[in-house]
Amino acid sequence: MWSVFIVHSRLNYGNFILVGLPAYLQRHLQSVLNAAARLVFRLRRYDPITDALATLHWLRLPERVDFKVTVMAFRVLYGLVPPYLDQLVRVADLPGRHRLCSSASQLLPVPAYRLTTVDRRSHPVAASVIWNSLPPVVQSSATLSVFCQRLKIHMCHKSFPDLLL
C-alpha cells in the first residue's frame, strides 16, 4: 500500500516539468496513476477506472499538472513565495491600467514567446494561460485554502464531466 502513495507523491513532485507534455507521454503517466488506483481498489486490468479515481479524489494527469501550476501562480500573486519566483503580473498592475475596465480584472497577461514547443511550457506563460481560463469565482478566492478547494472542485468537474460530484 505504501507503494501507491510513493507513486502518487512522485507524480505530484514533478508536475512542473509535465506542463505541455505531449499526449502520448501523458498517457504513459496516466496509466501509472490508473494502476495505483487499481491497486487501492483491487480492480482488474480491464475494469473501469473513472469511478475509482473520482472516489479517491485523484485528478487525471493534465488536470493535476494544471492544479499544481495554478496553485503556484496563486502563491506568486499573493506574495507567498520568495521574490525570485515573482514573474507573474496582474493586468491591473501594469502601468497605465488604472482607468480601464480591465483594472478590476483578475487576468494575467500572457508573455510573448517564440518557440511553441519550449517557451509555451515555461512557468510564466503556462501559469498565465491556465489562470486566465479559470472562472472568476476561483480567481477571486481570498485565501489559499479557499482557492485550493474551489480549484479542486473546478478541476474535478473538468476531469470527470460525466460524474456528479
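The values are calculated or read from the model by the stated rules, or taken from the named source; none is laboratory data. For clarity, every value in this text was computed on a predicted model and none was experimentally measured. A quick note on method: Cβ atoms are made from the backbone with ideal geometry, for glycine too, and the neighbour counts reach across all protein chains shown.
A few comments on the model shown:
- Qualifying residue in the stretch 28-42 (condition: loosely packed, with under 11 Cβ neighbours inside 10 Å and either among the hydroxyl-bearing types (Ser, Thr, Tyr) or under 15 Å from the mean Cα position of the chain (by Cα) (or both)): no
- Summed over the stretch 121-137, the residues that are without any contact (Cβ under 8 Å) to a residue 24 or more places away in the chain and loosely packed, with under 15 Cβ neighbours inside 10 Å give a count of 3.
- Of all residues in the stretch 64-81, those that are over 17 Å from Gln106 (Cα atoms) have Cβ atoms under 6 Å from Cβ atoms of residues that are among the aliphatic types (A, V, I, L, M), 6 or more apart or on another chain, in Val65/Leu18; Val65/Val19; Asp66/Ile130; Phe67/Met155.
- Scope the stretch 12-36; condition β-branched (Val, Ile, Thr), touching a residue at least 12 places away in the same chain (Cβ under 8 Å) and not in a loop (DSSP other than H, G, I, E, B); matching residues: Val32
- Taken residue by residue, the stretch 48-56 has no member that is part of a helix (DSSP H, G or I) and closer than 18 Å to Ser122 by Cα.
- Of all residues in the stretch 138-165, those that are closer than 16 Å to Leu56 by Cα and touching a residue at least 40 places away in the same chain (Cβ under 8 Å) have Cβ atoms under 6 Å from Cβ atoms of residues that are part of a helix (DSSP H, G or I) and among the aliphatic types (A, V, I, L, M), 6 or more apart or on another chain, in Phe160/Ala54; Leu163/Ala54.
- Identification of helices (runs of 4 or more DSSP H) wholly contained in the stretch 61-165 with 3 or more residues that are of a type in the set (S, T, N, Q) and at pLDDT 85 or above yields 144-159.
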